[in-house]
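Shown next, in structure tokens, is the structure this report addresses.
Laboratory data are not the source of any read-out in this text; all were calculated from the coordinates shown. None of the values given here were measured: they were computed from a predicted structure. Ideal geometry is used to build each Cβ from the backbone, glycine not excepted, and the neighbour counts take in all protein chains shown.
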Amino acid sequence: MIEKSLLADLLSVAVSTGGDFAEVFAEREHVTRIRFLSDKVESIRDQVISGVGIRVFEGTKTYYASTTDTSREGLLACAAAVAGAVGEKGGKRKILLTPDTVENRTKIGRYPDDVPTREKTDLLREACVAAKTTDARIAQVDGSYLDTDREILVANTEGLFRTDRKVRTRIAVSAVASAAGENQSGFYGPGGGVGIEFFDAVSPASVGRRAAAQAVTNLTAAYCPAGTMTVAIENGFGGVIFHEACGHSLEATAVGIGASQMAGKLGEQIANEKVTAIDDGTIAGGWGSANIDDEGTPTTRNVLIENGVLKSYMIDRLGSRRLGLPMTGCGRRESYAYEPTSRMTNTFIANGPDKNEDIIASMEYGLYAKAMGGGSVNPLTGEFNFSVKEGYIVRNGKICEAVRGAALIGTGAQILQDIDMVGENLATGQGMCGSASGSVPTDVGQPLIRVKKITVGGRS
């Protein structure tokens, strides 16, 4: 995307006024989005994102500028602008760049750009028609298709010069069931860090039927009672609880400035001994995976919590400076327009020692959260509030009637201690995570887990 000689010149200019480190990030991403609404294709959008960001460090201070002008003159002006923000005097440094490659863990079977738009539209239509015809009470179906093909280049004053290419594909269906003047919704949106071969393993029709079934279940459900109770949270997207309530508190962006409940706790027992949590950006085909992060560091399998003991944080370059700890390959950004920060990739609670059937059987009374929805969290305090998208009452070890309107309320530190059973059916769910460096694709996951007590919001 940019010649090596020009990259060296840009880096030299960027540190010419006193910065001790500079980085150039270049990106070109082709994005296709298709939306299906009310029995027809609502929109088809093709977008190309292309630009360059230049960052300079002065200790733990950072300076950043970006541009879409990728001419030599435009890029040099961007580098000079960042240098000018650092200071006024200094001298150019000679930068030697050494191009190298890292292992490519995912082989793409069918690149999105090689597949006709009509074929992609037909895949989405199949999912939406399946949702619509699942039940006569399905009143509306909203479907979306996404594929991205992203190429990046990273070079810095330490001599690093690396490139990477990442492809992602996703389909999502939201269905609304209606009866007697009442509406309830269901959603399912799987994706992967692969090409169109994703649909060899995931049937679009099954995606639509799953969203519709959830909507119908909620339409006939009673309201969930409120109170403190035992809760079993199912696998896959159930992992959003750990992602939000605990994961963000383990990112160096918060830890490095002391704005995290987990700051200063390395080596401490922070969770039940059955809990092992991992952030792994190396998983082949993972929604949040990459060969390198957006700072050029190879991604890693980073064990955050092992048998309840805090072992590591997720550490980007700035976090490494602040904490004095090695980088873990988690510096991520939405695009060249954002400065990277430490972010989760594929984050999950690992399989545990308990049988899934024993988890449910152990519950005299409680809530089975089959599917989780969205929520909010304060990383400093760990306080969270999450909706349960599909839930059921458990009585005497049996899953009974469906309930709706449930919310899980608590703190990350407490829920880690109160997870007292961990099952063996690890699965992941896909989503987009927003933070200081924009919105990035992240996997969340876990097996079935049991929380011995948690506040459930509902109706008294």
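Set the Cα radius of gyration of the stretch 238-297 against 2.2 N^0.38 Å, with N its number of residues, and you get 1.29.
Given a Förster distance of 35 angstrom, what is the FRET efficiency for Asn307 paired with Ala361, based on the Cβ-Cβ distance and rounded to 0.05? Could you put the intermediate results ahead of the total?
Working: r = 24 Å, r/R0 = 0.70.
So, using R0 = 35 Å, E works out to roughly 0.90.
Annotation: amide H-H contacts under 5 Å for Met314 (H modelled 1.01 Å from N, sequence separation of 5 or more, or interchain): Glu251, Ala252.
Put simply, the amide H of Arg333, placed in the peptide plane, has neighbours under 5 Å in Asp294, leaving out anything fewer than 5 places away on its chain. Here Tyr64, Tyr313 are placed in order of increasing Cβ neighbour count within 10 Å, fewest first, which gives Tyr64, Tyr313. When the alpha carbon gyration tensor of the chain is reduced to an equivalent ellipsoid, the three semi-axes, largest first, read 41, 28, 17 Å.
Site pair Ser43 and Tyr64 shows an inter-label distance of 2.6 nm when each label is modelled 7 Å from Cα along Cα→Cβ. The phi-based Karplus calculation (6.51 cos²θ - 1.76 cosθ + 1.60; θ = phi - 60°) puts the 3J(HN,Hα) values of the stretch 390-398 at 8, x, 9, 6, 10, 10, 6, x, 10 Hz, whole numbers, x for Gly and Pro. Residue separation of Glu103 and Asp200 scaled by 0.36 nm, minus their Cα-Cα distance, works out to 32.4 nm of gained length.
Residue ranges 257-268, 214-225 sort as 214-225, 257-268 when ordered by packing (mean number of other C-beta atoms within 10 Å per residue, highest first). Bridgeable lysines around Lys274 (alpha carbons under 22 Å apart, same-chain partners fewer than 8 residues away excluded): Lys265, Lys311, Lys355, Lys370, Lys452, Lys453.
Candidates Gly412, Gln269, Gln184 compared by Cα position along the dipole of the chain: farthest toward the positive end lies Gln184, with charges placed on Cβ. Here Lys94 is the anchor, and the lysines within straight C-alpha reach of less than 23 Å, apart from those fewer than 8 places off in the same chain, are Lys4, Lys61. Seen against the Cα atoms of the chain and their longest principal axis, helix 72-86 is set at about 80 degrees.
In the chain, the longest principal axis of the Cα atoms and the axis of helix 204-219 are about 50 degrees apart. Exposure proxy shown here: for Thr117, Thr442, the number of other Cβ atoms within 10 Å sets the order, fewest to most, as Thr117, Thr442.
Using θ = phi - 60° in the Karplus curve 6.51 cos²θ - 1.76 cosθ + 1.60, the 3J(HN,Hα) couplings for the stretch 50-62 round to 8, x, 9, x, 10, 10, 10, 9, 10, x, 9, 8, 10 Hz; x is entered for Gly and Pro.
Using only the alpha carbons of the stretch 171-250, what is the convex hull's orientation-averaged projected area in square nanometres?
On the way: hull surface 31.5 nm².
Computed as one quarter of the Cα hull surface, the answer is 7.9 nm².
Close amide H partners of Cys433, meaning residues 5 or more places away or on another chain with modelled amide H under 5 Å apart, are Val440, Thr442.
Over the stretch 227-457, what per residue volume does the convex hull of the Cα atoms give, in whole Å³?
Details: hull volume 23.5 nm³, N = 231.
Measuring per residue, one finds 102 Å³ for the Cα hull of the stretch 227-457.
Here's the list of aspartates and glutamates a cross-link from Lys92 could span, going by alpha-carbon distance under 14 Å and ignoring same-chain residues fewer than 8 apart: Asp9, Asp20.
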